[in-house]
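**Student:** One structure, as structure tokens, below. Some questions next.
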There are 2 protein chains.
Amino acid sequence: MNIYDIAKLAGVSIATVSRVVNDSAKVSGKTRAKVLGVMEEVGYIPNIFARGLGLNSMRTIGILCPDISDIYMANAVSYLEKNLNKHGYDCILGCSGHRQEEKEKYIKLLLSKRIDTLVLVGSTYAGKGDNPAETEYLRLAAKETPIFMINAYVPGENIYCAYADDFQAAYEVTAAYIRRGKKRILFLSNARSFSGDQKRAGYEKALIDNAYPVDGALIFYSEHSIHDTRDMLLLNKKLEFDGVLATEDSLAIAAVKYAKTKNLAIPAELSVVGFNNSRLSICCEPELTTIDNKGEILCAVTVEQMISLLEEKVQPKEKISVPCEIIKRNTTDF
Amino acid sequence: MNIYDIAKLAGVSIATVSRVVNDSAKVSGKTRAKVLGVMEEVGYIPNIFARGLGLNSMRTIGILCPDISDIYMANAVSYLEKNLNKHGYDCILGCSGHRQEEKEKYIKLLLSKRIDTLVLVGSTYAGKGDNPAETEYLRLAAKETPIFMINAYVPGENIYCAYADDFQAAYEVTAAYIRRGKKRILFLSNARSFSGDQKRAGYEKALIDNAYPVDGALIFYSEHSIHDTRDMLLLNKKLEFDGVLATEDSLAIAAVKYAKTKNLAIPAELSVVGFNNSRLSICCEPELTTIDNKGEILCAVTVEQMISLLEEKVQPKEKISVPCEIIKRNTTDF
């Protein structure tokens, strides 16, 4: 039960419920009575009432990620939980998946838990980045609690974002491939997302700046497993490439396995670069050159800003961009 | 603030606080007044009072694991969160690390959150399995809320355990090595734990049953990274082995990398088996034979038992043992 449900049951807007809770004079007596009646009926305790009861802050942070079994997200949540706990905050975790409906449902659910702030891990919450309607739910939620986004940027009041400069990193790798004489560079990506789109934009910009064509055939999306992605590449017999920029390490490993099946020498005949500098990148053979997108720094910045806001009322920065680092291993010769 | 703190502040036992909360006649008027006074002072609301206030269950499950950045645990928490959420329960997550003090602190903290049950993921919570004093904190906590353990067994009222039969799996792999003529089988393990000790016991039993010596030099503990473990094995020049049973996939990958550095053919000269069937196992080259310890089934059984308890008051089973499965890939010839 949260403010959304109360508004719906009382047949009024969220703003009206908020005014009743905050004892604003702008609400008619009749409306006020109706809203309070619904609240009593369902046993809803808004934050402000809780405060009156001496319960104040529950010192609880809501953390939402699409999938905690993803290594990048597990590392982020691990860092956040450990460091927020040091500051005396507990974490409620939600795993929403990538569907819009589920993302919205989970945010409402976490908001109903009297959380102090909400952290969204992963660029899926920013939608595809080209449609503001897709992120309207965040601006709505930010009216109730400060929102901190990790690895995404969404403009809005009370929304604070820390993200890696994926565009620049993808640009640099693509440019390095071109300097090394690579002719056909495959952009290998999973789902479209804010972060994926940044990487693709950096890749395309580097091609254009070097008078290379942007060839749609070299943009390959796969949301499948390592083995299935390898097999999809193998089946696509007309697809030729001598370099791969993958938007995450598991896709890069699929490309390494593709090279092994085709007996291509790495890095001479096929070079491969992944993203995330995950533990997977040191498991494969040869070990993977990968872009470290500084998940830990993004989390550290987020915790720092959040604690300053909660404890000292310091207004956080709206956006903080952190440069990536290319970790050079054995799948490239740069 | 929880029942432990109240007991301490009032200078009485937890049992006494419990009796006061439950309005038992066995408490003197003076003691009752003292306990209630402390409760009022600190604003403590025990579950039973919450019930009286109509707050009843918060439909919240506490989940504790030592380290959510561990792939096995991240997968377990992912499964638990998704399926508990389907039943209308939210999850509070804690990551305690492996130190006894921290484990105890976190359990108290989660108990203070008015959780419906507590799930402990990972065998670290069972201690080393040979000292009941190490698990006394769990039996104490189980007086307040049902405890469900995943991949560990601790005897005690209100403690319900689901675990993989690691002993049997380690026994079978070791016996298979012996049948294939392997002479020196390395047991490669990280920290000692309930699960690690089961694996070692299975390994040693298979050696003994086949009239092989149990050689302490072939029992190798490393809590270090993949590269550091490989290097430790390389530095240990007198250590010779032709088979490896590793207690987790990352250690097995260290052994694969050791073989590569030493130019040993896998599996002919060195065979390697990991544990967990994690994503790492398909990243390395050759891909890893590994023991699937059925984390998802353990979680499914746990959710099923928990929901039956919470919704239908069905008493859960004290322990459920699930057989492992050997996933055969390219680091063994069986």
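All of the numbers you see were taken from the coordinates with simple rules; none came from a lab. What you see is a predicted model; the values in this text were computed from it and never measured. Every residue, glycine as well, gets a Cβ built from its backbone with ideal geometry; the counts of neighbours run over all protein chains shown.
**Student:** Roughly how many nanometres apart are two label points built 7 Å out from the Cα toward the Cβ at A:PHE334 and A:SER57?
**Tutor:** 4.6
**Student:** Could you sort out which of B:LYS257/B:LYS294; A:LYS108/B:LYS82; A:LYS313/B:LYS105; A:LYS34/A:LYS143; A:LYS238/A:LYS260; A:LYS82/B:LYS319 sit more than 20 Å apart by Cα distance in this structure?
**Tutor:** Details: B:LYS257/B:LYS294 26 Å; A:LYS108/B:LYS82 16 Å; A:LYS313/B:LYS105 29 Å; A:LYS34/A:LYS143 23 Å; A:LYS238/A:LYS260 18 Å; A:LYS82/B:LYS319 31 Å.
Checking Cα-Cα distances, B:LYS257/B:LYS294; A:LYS313/B:LYS105; A:LYS34/A:LYS143; A:LYS82/B:LYS319 exceed 20 Å.
**Student:** Report the net charge of residues surrounding B:GLY62, where surrounding means a beta-carbon distance below 9 angstrom and charges are Lys +1, Arg +1, Asp -1, Glu -1. If you can, show how the numbers build up before the last one.
**Tutor:** Working: positive: B:LYS113; negative: B:ASP116.
Combined, the nearby Lys, Arg, Asp and Glu give 0.
**Student:** Further, regarding this structure: Could you run the Karplus curve 6.51 cos²θ - 1.76 cosθ + 1.60 with θ = phi - 60° over the stretch A:133-150 and give me ³J(HN,Hα) per residue in whole Hz, x for Gly and Pro?
**Tutor:** 4, 5, 10, 4, 4, 6, 5, 5, 5, 5, 6, 9, 7, x, 10, 10, 10, 10
**Student:** While we're here: Quick one: label points 7 angstrom along Cα→Cβ at B:ARG192, distances to the other copies in nm, smallest first?
**Tutor:** 5.7
**Student:** For B:LYS205, give me every one of the lysines with a C-alpha distance below 19 angstrom, ignoring sequence neighbours fewer than eight places off in its own chain.
**Tutor:** B:LYS128, B:LYS182, B:LYS183
**Student:** Here's another thing I want to ask about it. If you place +1 on the Cβ of every Lys and Arg and -1 on the Cβ of every Asp and Glu, how big does the dipole about the Cα centre of chain B come out, in debye to the nearest 20?
**Tutor:** Values: 41 positive and 42 negative charges, 99 e Å.
My answer is approximately 480 debye.
**Student:** Positive end of the charge dipole of the protein assembly as shown (Lys, Arg +1 and Asp, Glu -1 on Cβ, about the Cα centre): tell me which of B:ILE14, B:CYS95, A:SER69 has its Cα farthest that way.
**Tutor:** Sorting the options by dipole projection puts first B:ILE14.
**Student:** To one decimal place, what orientation-averaged projected area in nm² is obtained for the convex hull of the Cα set of the stretch A:116-186?
**Tutor:** Values: hull surface 22.6 nm².
Value for the stretch A:116-186: 5.7 nm².
**Student:** Identify all aspartates and glutamates with a Cα-Cα distance to B:LYS113 below 13 Å; exclude those on the same chain that are fewer than 8 residues away in sequence.
**Tutor:** A:ASP90, B:ASP90, B:GLU144
**Student:** Could you sort the peptides A:155-165, A:186-196 by per-residue average Cβ neighbour count (10 Å cutoff), highest mean leading? Before the final figure, lay out the partial values.
**Tutor:** On the way: A:155-165: 20.4, A:186-196: 22.0.
Output ranking for A:155-165, A:186-196: A:186-196, A:155-165.
**Student:** Turning to a different aspect of this structure: Quick one: grab the alpha carbon gyration tensor of the stretch B:221-279, order the square roots of its eigenvalues as a ≥ b ≥ c, and give me rounded if a/c is under 1.5, else prolate or oblate depending on whether a/b is larger than b/c. Could the numbers behind the result be given before it?
**Tutor:** On the way: a/c = 1.72, a/b = 1.16, b/c = 1.48.
Cα axes put the stretch B:221-279 in the oblate bin.
**Student:** Between copies, how far does the label point of B:VAL42 sit from its twins, in nm, shortest first, when each point is 7 Å from Cα along Cα→Cβ?
**Tutor:** Going from nearest to farthest copy, the values are 3.4 nm.
**Student:** How many partner chain Cβ atoms sit within 10 Å of a residue's Cβ in peptide A:67-80, on average, as a whole number? Intermediate results must be reported in sequence, preceding the final value.
**Tutor:** Details: counts 3, 12, 11, 3, 5, 0, 4, 10, 3, 2, 6, 9, 3, 3.
Mean partner shielding for this stretch: 5.
**Student:** Shifting gears a bit: Using only the Cα atoms of the stretch A:166-293, construct the convex hull and provide its projected area averaged over every direction, in square nanometres to one decimal.
**Tutor:** On the way: hull surface 27.3 nm².
Result: 6.8 nm².
**Student:** Also, I was wondering about something else. Over 33 Å, how big is the tail of the calculated P(r) for chain A, in percent of all Cα pairs?
**Tutor:** Working: 20170 of 55611 pairs.
Summing the P(r) of chain A above 33 Å gives 36 percent of all pairs.
**Student:** For the stretch A:131-154 and the stretch B:68-131, what is the centre-to-centre distance using only Cα atoms, to the nearest Å?
**Tutor:** Result: 29 Å between the Cα centres.
**Student:** Compute the angle between helix A:29-42 and the longest alpha-carbon principal axis of chain A, please, reported from 0 to 90 degrees and rounded to the nearest 10.
**Tutor:** For helix A:29-42, the angle is close to 70 degrees.
**Student:** What is the magnitude of the charge dipole of the stretch A:166-293 about its Cα centre, with +1 placed on the Cβ of each Lys and Arg, -1 on the Cβ of each Asp and Glu, and no other charges, expressed in debye to the nearest 20?
**Tutor:** Numbers: 16 positive and 17 negative charges, 76 e Å.
Taking the Cα centre of the stretch A:166-293 as origin, the dipole is about 360 debye.
**Student:** I would also like to ask the following. If Lys and Arg each add +1 and Asp and Glu each add -1, what is the summed charge of the other residues whose beta carbon sits under 14 Å from the beta carbon of B:TYR137?
**Tutor:** 0
**Student:** If you don't mind, there's one more thing I want to ask. Against the longest principal axis of chain A, how steep is helix A:71-86, in degrees 0 to 90 to the nearest 10, with axes from Cα atoms?
**Tutor:** That works out to roughly 40 degrees.
**Student:** Taking a label point 7 Å out from Cα toward Cβ, give me the nm distances from B:GLU304 to the same spot in the other copies, shortest first, one decimal.
**Tutor:** Distances to the matching label points in the other copies: 4.9 nm.
**Student:** For the stretch A:16-21, what does the Karplus curve 6.51 cos²θ - 1.76 cosθ + 1.60, with θ = phi - 60°, yield as ³J(HN,Hα) per residue in whole Hz, taken in order and with x for Gly and Pro?
**Tutor:** For the stretch A:16-21, the Karplus-derived couplings read 5, 4, 4, 5, 4, 4 Hz, x marking Gly and Pro.
**Student:** Given the peptides A:89-102, B:137-150, arrange them by the average over their residues of other C-beta atoms within 10 Å, most packed first. Don't skip to the answer; put the middle values down first.
**Tutor:** Details: A:89-102: 18.9, B:137-150: 21.0.
Ranked by mean Cβ neighbours within 10 Å, highest first: B:137-150, A:89-102.
**Student:** In addition: In degrees, nearest 10, range 0 to 90: what is the angle between the Cα axis of helix B:295-312 and the longest Cα principal axis of chain B?
**Tutor:** Helix B:295-312 and the main axis of chain B meet at about 20 degrees.
**Student:** Under the rule a/c < 1.5 gives rounded, and otherwise a/b versus b/c splits prolate from oblate, where does the protein assembly as shown land using the Cα gyration tensor?
**Tutor:** oblate
**Student:** Could you check the spin-label model distance between A:LYS183 and B:ASN236? Points 7 Å from the Cα along Cα→Cβ, value in nm.
**Tutor:** 5.1
**Student:** Find how many whole Å separate the alpha carbon centroid of the stretch A:208-286 from the alpha carbon centroid of the stretch A:158-200.
**Tutor:** Between the Cα centres of the stretch A:158-200 and the stretch A:208-286 lies a distance of 14 Å.
**Student:** Moving on to the next point. Do the sum for chain A: with -39,500 (n - 2.57) for every DSSP H run of n ≥ 4, divided by all residues, what is the mean residue ellipticity at 222 nm, to the nearest 500 deg cm²/dmol?
**Tutor:** Numbers: 12 runs with 141 residues, N = 334.
Helix contribution divided over all residues of chain A: -13000 deg cm²/dmol.
**Student:** May I ask what percent, to the nearest 5, of DSSP beta bridges between residues of chain A are antiparallel?
**Tutor:** Taking every DSSP beta bridge within chain A, about 10 percent pair in antiparallel fashion.
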